[in-house]
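Shown next, in structure tokens, is the structure this report addresses.
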Amino acid sequence: MNLLTDQWIPVRPLDGGGMEKITLRRLLCEEGRWELCLPRDDMELAALQLLICITQTIMTPKDESELRSRIVRPVLTEEFDEAVQPFGEWFQLDHPKYPFMQVRGVNAKEQTFMDKLMAGLTGATNSCFVNQPDMADGLCGGCATIALFNQASCAPSFGGGFKGSLRGGSPITTLVQGDHLRRTVWLNILSNREILNILPWHPETSNQKPTWVDPIRAGKTIPAQQIGFIRGLLWQPAHIELLPPAAAESCPCCGCLTKEVFTSFHKSKFSYTIEGNFPHPHSPRIMTIKKGVLKERFASFTSSAPAWTQLARFVVKQQLDVNSKVGQQPAAVVLQARSILGKNSSKLNLVVGGYRNNQASVLERRHEVFTLNHGWDKNTDVIKELVSKGLGYWNALSRALSVFVNGSKADKVKGAGIKIHQTAEVQYYRRSEPIIEDTLARIDFANPVPRLADMCHSLREIVESLFEDSIRPYLNDPELVRTRAVARRKLIRNLSDLEPQTDKGGANGTTETP
């Protein structure tokens, strides 16, 4: 199966219809309006990233003007056919020497079944991710390809000494979403000029081949500044080889008719070292200075807090300086969108996805789409304030509950000694998330105060309700009467500090005075 010429992309028409598989040529060269169609959201995101990486490889636009043209209208078939010619051997899943994202002759003591290639499918902590019991009994060529790419680029490693992706164990991916699949792909393709902005060494490394064509040497130390753009996008950190397929009638994963499915593979670990960070264009980065040394990492989901809590990292660039020891850099494709979309776009639809993991074990997977109203690109400070307010209301509740749980030496009150934070935190994020998302989609960035005030009012109501719900089981305990009063007073004081300035004092002031 060749990804450049064969039917492997699982889609369905946006205006209705069943699932089918189409070629890359049909996707990029025709007017069809498609959306990806797979049984798991992480596989859809991986398929989208893979389409972006392949298109970036074969048809990188020379400048922004050419990119805009490709976003607006399909590519000419003659142009596509000419573009794929040099890459015929790179994207063949069953190539005799260079199978896509594999190594021939992997030395393994035993075969590994396909469920291990799909992040979070098996294991006690991951059983809730299983869409159907037999999903990974076998994978058709298209699903196997997507799973290979996802394991190499987005998911935790196999563990036990296996290397992870260039972005770390479980990076957050942020992409720009268009009104249909073809435009989404092109909205996340960097022009040559943008590539030079993030990879100054691009001219010297542009001819590098992917790792399955030009393998990584075991034990080698590789500076990130020596990794070419395409080689980095398609990096395969593990030695994997799909074993010969078995006969089948349909794929248990996508459900499409197929004559054969892959049921197992060989894997083996090998060691190498990457010095520095490859500036992957699909992920935001965080920079810190510790003991005078600059450290950089890709953003990831490290807690159960929802994705909006990191939204500022996804769209706001912040330099390190004397006033800030933490910097952040949105994904290059998001930064490019600010100029590509510009005033012609009413909103930005931002796709956010990733895993939360504990080493090799996937605890949770995320896939969300945030809509940012027109003007987001020139008012990133408003986004920072919105996220700060959302987190601030949880902190106000958390500090008040902490007094109730642990007591207060200053106020000479005992604590209940019962941990009620976890349930309150889950409920706060669950109930606040639609409010935050609605505010982002509707806020007038030129005049944000009214909408922010409405959001703060709604969040305050949630916090007050959760506080009362959390302490209600202890209302009949006479020893906690004063503790409740002190905790409630602290909550009111904390909430008062968060109220918008327009709500404080004056004729229209509604802030309660403790």
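The values are calculated or read from the model by the stated rules, or taken from the named source; none is laboratory data. Since the structure is predicted, the reported quantities are computational estimates derived from the model, not experimental observations. Counting neighbours? That spans all protein chains shown, and the Cβs are built from the backbone with ideal geometry, glycine included. Side chains included, ligands, DNA and RNA excluded: accessible areas come from the protein's heavy atoms. Shrake-Rupley method; radii C 1.70, N 1.55, O 1.52, S 1.80 Å.
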The chain: angle of helix 141-153 to the longest principal axis, Cα-based, in degrees nearest 10: 50 degrees
For peptides 13-24, 166-177, 235-246, 36-47, sequence by mean Cβ density within 10 Å, most packed first: 166-177, 36-47, 235-246, 13-24
Please give the peptides 407-415, 98-106 ranked by average Cβ packing (other Cβ atoms within 10 Å per residue), highest first, as a rough proxy for protection. 98-106, 407-415
Compute the accessible area per residue over the chain, keeping the other protein chains in place, probe 1.4 Å, unit Å². 45 Å²
Only four residue types carry charge here, +1 at the Cβ of Lys and Arg and -1 at the Cβ of Asp and Glu. Report the dipole size of segment 355-514 about the Cα centre in Debye, rounded to the nearest 20. 680 debye
By how many degrees, between 0 and 90 and to the nearest 10, does the Cα long axis of helix 449-471 differ from the longest principal axis of the chain? 70 degrees
Calculate, in nm to one decimal, what Q111 and E385 gain on full extension: separation in residues at 0.36 nm each, minus their alpha carbon distance. 93.5 nm
At 0.36 nm per residue, minus the direct Cα-Cα distance, what do A485 and E249 gain on full extension? Give it in nm, one decimal, please. 78.2 nm
Determine, from the Cβ-Cβ distance of K409 and D438 and an R0 of 51 Å, the FRET efficiency 1/(1 + (r/R0)^6), rounded to the nearest 0.05. 0.80
By the gyration tensor of its Cα atoms, with a ≥ b ≥ c the square roots of the eigenvalues, what is the shape of segment 382-428: rounded for a/c under 1.5, prolate for a/b over b/c, or oblate? oblate
Using a simple spin-label model with points 7 Å from Cα along the Cα→Cβ vector, what separation in nm is obtained for E275 and Q85? 4.0 nm
Ranking M114, C143, A155 by how far each Cα lies towards the positive end of the charge dipole of segment 34-183 (+1 on Lys and Arg Cβ, -1 on Asp and Glu Cβ), the top one is A155
Of the candidates N406, N447, L372, the farthest towards the positive dipole end of the chain (Lys/Arg Cβ +1, Asp/Glu Cβ -1, centred on the Cα centre) is N406
Tell me, in nm to one decimal, what length is gained between R33 and E368 on full extension, where the rule is 0.36 nm per residue of separation less the Cα-Cα distance? 118.5 nm
Under 5 Å from the placed amide H of H239, counting only residues 5+ away or on other chains, we find S268, F270
Evaluate E = 1/(1 + (r/R0)^6) for N447 and Q422, where r is the Cβ-Cβ distance and R0 equals 30 Å; express this FRET efficiency to the nearest 0.05. 0.20
To the nearest 10 square angstrom, how much accessible area does E31 have with a 1.4 angstrom probe? 130 Å²
The set of residues whose placed amide H lies less than 5 Å from the amide H of V362, leaving out same-chain residues fewer than 5 positions away, is G120
Percent relative contact order of segment 184-267, based on C-alpha pairs within less than 8 angstrom and at least six residues apart? 23 percent
Considering the values (1) 0.98; (2) 1.01; (3) 0.95, which represents Rg/Rh (Cα atoms, Kirkwood Rh) as calculated for the structure under consideration? (2)
Carbon and sulfur atoms account, in whole percent of the 1.4 Å probe accessible area of segment 132-268, for 48 percent
The chain: calculated mean residue ellipticity at 222 nm from DSSP helix runs of at least 4, using -39500 (n - 2.57): -11000 deg cm²/dmol
Using +1 at the Cβ of each Lys and Arg and -1 at the Cβ of each Asp and Glu in the chain, identify which of G353, P200, C53 lies farthest towards the dipole's positive end. P200
To the nearest 20 debye, segment 1-113 has a Cα-centred charge dipole, built from +1 on Lys and Arg Cβ and -1 on Asp and Glu Cβ, of 280 debye
How much of S398 can a 1.4 Å solvent probe reach, expressed as accessible area in Å² and rounded to 10? 30 Å²
Between E464 and R12, what FRET efficiency follows from the Cβ-Cβ distance if R0 is 60 Å, with the result rounded to 0.05? 0.85
Label-point separation (nm) for L320 and I289, each offset 7 Å from Cα along Cα-to-Cβ? 0.7 nm
